[in-house]
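Just so it is clear, none of the values below were taken in a lab; they were calculated from the coordinates. What you see is a predicted model; the values in this text were computed from it and never measured. Glycine gets a Cβ as well: all are built from the backbone with ideal geometry, and neighbour counts include every protein chain shown.
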Amino acid sequence: MEVSAAIRQRRSIRKFQPQDVPRSVLTEILEDARWSPSWGNTQPWSLCVLTGKTLARFKEMNLQQTLAGEPTASDVPMLEKWPDAMKARYGDLGKLVLSAQGIARDDKAGREQYYKEMVRIFDAPCLILACIARDNRVEYQMLDVGILAQSICLAAWDRGLGTCLLAAAARYPAEIRKIAAVPDDQKIVVGIALGYPDPASPINTFARPRASLDEFVRWMD
Ligand SMILES: Cc1cc2nc3c(=O)[nH]c(=O)nc-3n(C[C@H](O)[C@H](O)[C@H](O)COP(=O)(O)O)c2cc1C
């Protein structure tokens with residue numbers, strides 16, 4: 001697949017087919033992704049690949065913590081107040097995701113059900129936790145691990161696999177550490193749900209908006 005096509009066609013996949021992803025395919029994806037650039041080639045990331053029983057425990061933990069109303073305690077704090085333009089886009093995404101599934105705005109039960117599916121990692125057969133060391137150059141490390149994450153998503157897409165980056169998979173680091181043995185000196189930045197996409201599901205096919213270049217590029221000749 002052309003790189004340009006992969007970048008444009010990759011999209012977040014929120015409904016997966018049940019079959020597992022072979023370890024050999026996961027390895028190929030990660031072998032590609034390890035060639036991602038990083039500040040000073042520091043490669044500050046580490047990954048934890050969850051499948052099988054470990055992933056099942058993770059999904060149950062994330063669901064139960066959410067249902068119990070446990071406050072999120074992410075290693076990467078969430079912005080309390082988003083700038084207006086970003087808040088509007090975030091709101092639009094929520095509407096798109098729900099309306100694609102025929103969930104009306106006032107359908108509280110439908111919204112809650114969807115939310116449960118999200119915290120259960122959309123029942124993907126694999127979850128990759130992307131981590132960085134706790135150290136001073138955090139902003140560059142965040143950039144580096146973000147590039148790695150995009151490489152994983154593109155390498156997966158190239159092989160017919162879908163992904164969804166999930167902040168919702170990194171909300172309870174203390175509990176995650178018990179299940180996935182992530183060392184204390186690593187920050188858990190984001191999860192990447194991964195599996196074979198369900199091609200028929202409208203949640204995987206709705207049109208996604210993007211700002212035009214005019215909105216975010218200044219040309220300085
Ligand atoms: C850091 C990060 C965290 C994200 N967390 C979530 C999440 O918790 N739940 C979710 O459904 N999507 C999540 N996403 C996916 C975004 O909503 C998605 O990338 C965005 O809407 C653009 O759509 P696209 O990926 O289909 O192009 C996350 C994306 C990023 C980059």
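Take the conditions (1) away from the ligand (no atom under 16 Å from the Cβ); (2) among the hydrophobic types (A, V, I, L, M, F, W, C); (3) touching a Ser or Thr at 6+ places or on another chain (Cβ under 8 Å); residue 30 misses just one of them, which is (3). Across region 103-127, the number of residues qualifying as farther than 30 Å from residue 180 by Cα, of a type outside the set (A, V, I, L, M) and either in contact (Cβ under 8 Å) with a residue 60 or more places away in the chain or surrounded by 13 or more Cβ atoms within 10 Å (Cβ to Cβ) (or both) comes to 2. For region 118-130, does any single residue satisfy the condition of being away from the ligand (no atom under 13 Å from the Cβ) and more than 21 Å from residue 197 (Cα to Cα)? Within region 118-130, none of the residues are away from the ligand (no atom under 13 Å from the Cβ) and more than 21 Å from residue 197 (Cα to Cα). For region 163-221, a residue qualifies if it is within 21 Å of residue 143 (Cβ to Cβ) and in a strand (DSSP E or B), and the qualifying residues are 163, 164, 165, 166, 186, 187, 188, 189, 190, 191, 192.
Residue by residue, here is whether (1) in a helix (DSSP H, G or I); (2) aliphatic (A, V, I, L, M) holds:
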| residue | (1), (2) |
| --- | --- |
| 4 | yes, no |
| 21 | no, yes |
| 28 | yes, no |
| 73 | no, yes |
| 93 | yes, yes |
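Can you work out which of the residues in region 160-175 that are of a type in the set (A, V, I, L, M) and within 6 Å of the ligand (Cβ to nearest atom) is nearest to residue 186 (Cα to Cα)?
Taking region 160-175 and keeping what is of a type in the set (A, V, I, L, M), we get 161, 165-170, 174.
Those left that are additionally within 6 Å of the ligand (Cβ to nearest atom): 165-168.
Numbers: 165: 18, 166: 18, 167: 16, 168: 18 Å.
That would be 167.
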